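Below is one structure, written out as structure tokens; comments come after it.
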Amino acid sequence: MANDKNYCSIANPSPLGLLGFGMTTLLLNLHNADIIPLSIVIVAMGFALGGAAQIIAGIMEFMKNNVFGATAFTSYGFFWWSLILIWINPFERITAADKISMGFYLLVWGIYTLLMFIGTWKHNRSLQIVFLTLTVLFFLLAIGDFTGSHLITLIGGWVGIICGISAIYTSLAQVINNEYGKQVLPL
């Protein structure tokens, strides 16, 4: 039975991971675009849906032998948890993050995301849009922190809103298409 390919047959975890990423990204970037304040709403969503749901989806992708999905969801899930730790800084003896440190943090994530974007060239257009806008978002937020430019961070927020909405759409299109057994919403 262990050799049976359907032994570990599980549902597609991608919609869960994309939804967790998209909703959390949308909320955070409503803040970056100066529409809502940074509050417990964003922190809780980042911990639960942005972090935990994506990590669970990533582990499920490992079980499906999907290296791209496993790496993306697990890493971005832990991105949300690390960002929350940066915000709340529960370590009394460690200096809080400054703008330059945050700039490098976001730059590293931007470089990683750019390389993951290359991996999406083998996937659907919708996923390419998610990773392209995420790449631009990370670079804009990094530049905003490095320069102290609120305008660049604000522009990044609007790019992040597009990114979050595109991830939510991709998630729900996968769910709806799966439910109907055909393409109802294009990807």
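Return the residues of segment 91-118 that are loosely packed, with under 15 Cβ neighbours inside 10 Å, farther than 16 Å from residue 38 by Cβ and not aromatic (Phe, Trp, Tyr); say none if nothing qualifies.
Filtering segment 91-118 for residues loosely packed, with under 15 Cβ neighbours inside 10 Å gives 91-96, 98-101, 104, 108, 111, 115, 118.
Next cut, farther than 16 Å from residue 38 by Cβ only: 91-95, 98, 100-101, 104, 108, 111, 115, 118.
Correct list: 92, 93, 94, 95, 98, 100, 101, 108, 111, 115, 118.
Return the total of residues in segment 42-72 being surrounded by 14 or more Cβ atoms within 10 Å (Cβ to Cβ) and more than 16 Å from the chain's Cα centre (by Cα).
Residues flagged as surrounded by 14 or more Cβ atoms within 10 Å (Cβ to Cβ) and more than 16 Å from the chain's Cα centre (by Cα) within segment 42-72 amount to 4.
Note down all Cβ pairs under 6 Å where the first residue falls in segment 138-155 and is of a type in the set (Ser, Thr, Tyr), the second is modelled with pLDDT of 95 or more and buried (at least 18 other Cβ atoms within 10 Å of the Cβ), and they're at least six residues apart or on different chains.
Pairs found: 153/32; 153/144.
Using the structure shown, decide if residue 88 is on the phi < 0 side of the Ramachandran plot, surrounded by fewer than 18 Cβ atoms within 10 Å (Cβ to Cβ) and either among the hydroxyl-bearing types (Ser, Thr, Tyr) or modelled with pLDDT under 95 (or both). Let's see the steps before the verdict.
Details: on the phi < 0 side of the Ramachandran plot: yes; surrounded by fewer than 18 Cβ atoms within 10 Å (Cβ to Cβ): yes; either among the hydroxyl-bearing types (Ser, Thr, Tyr) or modelled with pLDDT under 95 (or both): yes.
Considered against the rule, which asks whether it is on the phi < 0 side of the Ramachandran plot, surrounded by fewer than 18 Cβ atoms within 10 Å (Cβ to Cβ) and either among the hydroxyl-bearing types (Ser, Thr, Tyr) or modelled with pLDDT under 95 (or both), residue 88 comes out as yes.
(1) farther than 22 Å from residue 43 by Cα; (2) in contact (Cβ under 8 Å) with a residue 24 or more places away in the chain; (3) not β-branched (Val, Ile, Thr): which one isn't true of residue 132, the others all being true?
Here residue 132 meets the rest and fails (2).
Report yes if residue 80 is of a type in the set (A, V, I, L, M, F, W, C), surrounded by fewer than 17 Cβ atoms within 10 Å (Cβ to Cβ) and assigned to a helix (DSSP H, G or I), otherwise no. Before you say what the answer is, go through the steps one by one.
Details: of a type in the set (A, V, I, L, M, F, W, C): yes; surrounded by fewer than 17 Cβ atoms within 10 Å (Cβ to Cβ): no; assigned to a helix (DSSP H, G or I): yes.
The answer is no for residue 80.
For segment 24-40, what are the residues that are surrounded by 14 or more Cβ atoms within 10 Å (Cβ to Cβ) and either of a type in the set (D, E, K, R) or out of contact with any Phe, Trp or Tyr (no Cβ under 7 Å at 6 or more places or on another chain) (or both)?
Going through segment 24-40, the residues surrounded by 14 or more Cβ atoms within 10 Å (Cβ to Cβ) turn out to be 24-33, 36.
Residues satisfying the conditions are 25, 26, 27, 28, 29, 30, 31, 32, 36.
For segment 164-186, does any single residue satisfy the condition of being farther than 17 Å from residue 21 by Cα, among the β-branched types (Val, Ile, Thr) and touching a residue at least 12 places away in the same chain (Cβ under 8 Å)? Step through it out loud before you land on a result.
Filtering segment 164-186 down to residues farther than 17 Å from residue 21 by Cα leaves 176-186.
Next, only the ones that are among the β-branched types (Val, Ile, Thr) stay: 176, 184.
Subset that is touching a residue at least 12 places away in the same chain (Cβ under 8 Å): none.
Within segment 164-186 (the criterion being farther than 17 Å from residue 21 by Cα, among the β-branched types (Val, Ile, Thr) and touching a residue at least 12 places away in the same chain (Cβ under 8 Å)), the answer is no, since none of the residues qualifies.
Taking segment 163-186, which residues are buried (at least 19 other Cβ atoms within 10 Å of the Cβ) and farther than 22 Å from residue 26 by Cβ?
none
Residues that are among the β-branched types (Val, Ile, Thr), over 13 Å from the mean Cα position of the chain (by Cα) and over 20 Å from residue 147 (Cα atoms): does segment 97-104 have at least one?
Of segment 97-104, the ones among the β-branched types (Val, Ile, Thr) are 100.
Keeping just the survivors that are over 13 Å from the mean Cα position of the chain (by Cα) gives 100.
Those left that are additionally over 20 Å from residue 147 (Cα atoms): none.
Checked against the condition, which is being among the β-branched types (Val, Ile, Thr), over 13 Å from the mean Cα position of the chain (by Cα) and over 20 Å from residue 147 (Cα atoms), segment 97-104 yields no hits at all.
The values are calculated or read from the model by the stated rules, or taken from the named source; none is laboratory data. None of the values given here were measured: they were computed from a predicted structure. Note that each Cβ is placed from the backbone with ideal geometry, even for glycine, and that neighbours are counted across all protein chains shown.
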